[in-house]
Amino acid sequence: MRKQIVAGNWKMNTTFSDGAELIKQIILKTDSVKNTQLIIAPPFILTSEAGKLTSNTKIEVSGQNCSNQAKGAFTGEVSAEMLKSAGANHVILGHSERRAYYLETNGLINEKIKISLENNLTPIVCCGEVLDERENNEHFEVVSKQIKGMFYGINAEDFKNIIIAYEPVWAIGTGKTATPIQAQEMHKFIRETIMNSYGSEIAENLSILYGGSCKPSNAKELFANPDVDGGLIGGASLSADDFIAIANSF
Ligand code: PEP
């Protein structure tokens with residue numbers, strides 16, 4: 001069965017104490033959330049605290065990135081094994097901000113996906129086109145190339161533990177949201193692409209999340225689409241009320 005998921009990407013926001021407080025506020029409001037998996041991705045400094053605070057709750061914890069290396073002399077990096085040991089079960093990989101500011105390529109993301117799976121972390125793998133690519137009608141080709149590169153060498157068994165997030169870059173943090181029609185047609189395209197490589201059972205069970213200025217006022221119309229299984233939420237996930245309202249938008 002395909003899971004409905006709402007995941008919050010906090011990005012580089014909150015101090016340790018603000019973040020712990022936000023987690024507590026979210027926990028207090030989770031009773032209203034019925035059939036939706038909640039995931040929060042706070043900054044690394046909070047992974048362990050988030051793991052402790054959310055044990056025995058409906059919330060799971062994610063990293064926002066991890067290293068492509070297992071361990072060793074990689075100053076400033078955090079490994080998949082470290083994330084797992086601190087209480088995370090998921091990790092966001094290939095976010096457009098990592099691609100744009102830290103020059104991450106599909107090949108590097110592929111290595112990160114593999115090392116995450118080896119450490120029993122479920123990667124939330126992001127894809128999506130920039131504005132120029134959308135305006136030039138290249139968005140399907142761009143996403144198809146990202147998927148091919150990022151999932152090179154990943155087998156069907158691995159795919160049972162993968163989540164994809166479609167995040168049109170022009171919609172991230174801009175207040176512009178993809179229309180429900182734009183979201184549905186790309187999610188359907190992604191599912192068909194996965195079906196062609198891994199078969200219909202894997203594709204049908206794959207959760208594909210929409211990300212890009214998703215908020216309580218537009219989540220319902222986005223989540224109503226048959227191939228939209230939830231959202232990866234940036235700005236709105238920093239408000240416990242908004243995050244929970246989005247989770248209740250199915
Ligand atoms: C994101 O960064 O993954 C995201 C979707 O951000 P926002 O919701 O702020 O557009």
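The values are calculated or read from the model by the stated rules, or taken from the named source; none is laboratory data. Just so we're clear, the structure is a prediction, and the values are computed from it rather than from any experiment. Don't worry about glycine lacking a Cβ; one is built from the backbone with ideal geometry, like all the others, and counts go over all protein chains shown. These accessible areas exclude ligands, DNA and RNA; they are computed on the full protein's heavy atoms, side chains included. Shrake-Rupley method; radii C 1.70, N 1.55, O 1.52, S 1.80 Å.
Let me spell out the model: positive unit charges on the Cβ of Lys and Arg, negative unit charges on the Cβ of Asp and Glu, origin at the Cα centre of segment 95-156. What dipole size does that give, in debye rounded to 20?
Value, rounded to 20: 300 debye.
What's the carbon and sulfur percent of segment 89-150's accessible surface, probe 1.4 angstrom, rounded to a whole number? That fraction is 47 percent. The gain in end-to-end length when the Asn196 to Ala73 segment is fully stretched comes to 40.3 nm, 0.36 nm per residue minus the alpha carbon separation. A Stokes-Einstein calculation at 4 °C with viscosity 1.567 mPa s, built on the Kirkwood radius of segment 5-247 over Cα pairs, returns a diffusion coefficient of 73 µm²/s.
Distant-in-sequence amide contacts of Cys214, defined by a placed amide H-H separation under 5 Å and a gap of 5 or more residues or a different chain, comprise Gly234.
The Kirkwood radius of segment 103-189, taken over pairs of alpha-carbon atoms, gives through the Stokes-Einstein law at 20 °C and 1.002 mPa s a diffusion coefficient of 155 µm² s⁻¹.
If you rank Phe159, Phe44 by how much accessible surface each has, with a 1.4 Å probe, what is the order from largest down?
Details: Phe159 5, Phe44 80 Å².
The ranking, largest first, comes out as Phe44, Phe159.
Using a probe of 1.4 angstrom and keeping all protein chains present, the accessible surface of the chain works out to 46 square angstrom per residue.
Listed values for segment 22-32 are Karplus-derived 3J(HN,Hα) couplings in whole Hz (6.51 cos²θ - 1.76 cosθ + 1.60, θ = phi - 60°), namely 5, 4, 4, 5, 5, 4, 4, 9, 6, 4, 6, and x replaces Gly and Pro. Its DSSP H runs of at least 4 residues, each contributing -39,500 (n - 2.57), put the calculated 222 nm mean residue ellipticity of the chain at -12500 deg cm²/dmol, to the nearest 500. Over the C-alpha atoms of segment 24-102, the Rg to Rh ratio, Rh being the Kirkwood estimate, stands at 1.02.
Rounded to the nearest 20, the size of the Cβ-charge dipole of the chain about its Cα centre is 460 debye, with Lys and Arg at +1 and Asp and Glu at -1. Simple rule: put +1 on each Lys or Arg Cβ and -1 on each Asp or Glu Cβ in the chain, find the dipole, and look at Ala171, Ile40, Ala20; the Cα lying farthest toward the positive end is Ala20. Per-atom-type breakdown for segment 171-215 gives carbon and sulfur 53% of the accessible area (1.4 Å probe, protein chains only). Per-residue packing, averaged as other Cβ atoms within 10 Å, sorts the ranges 35-41, 215-221 into the order 35-41, 215-221, beginning with the highest.
For segment 117-250, the equivalent ellipsoid derived from the alpha-carbon gyration tensor has semi-axes of 23, 18, 13 Å in decreasing order. With the highest mean first, a sort of the peptides 18-27, 86-95, 110-119 on other beta-carbon atoms found within 10 angstrom per residue produces 86-95, 110-119, 18-27. Our note on the geometry: Cα centres of segment 34-95 and segment 181-209, 25 Å apart.
When you restrict to C-alpha pairs under 8 Å that are six or more residues apart and normalise by the size of the chain, the relative contact order lands at 22 percent. Taking the three principal axes of the alpha carbon atoms in segment 70-130, the coordinate ranges are 35, 25, 17 Å, sorted in descending order.
Rolled with a 1.4 Å probe across the full set of protein chains, the surface gives Leu28 an accessible area near 150 Å².
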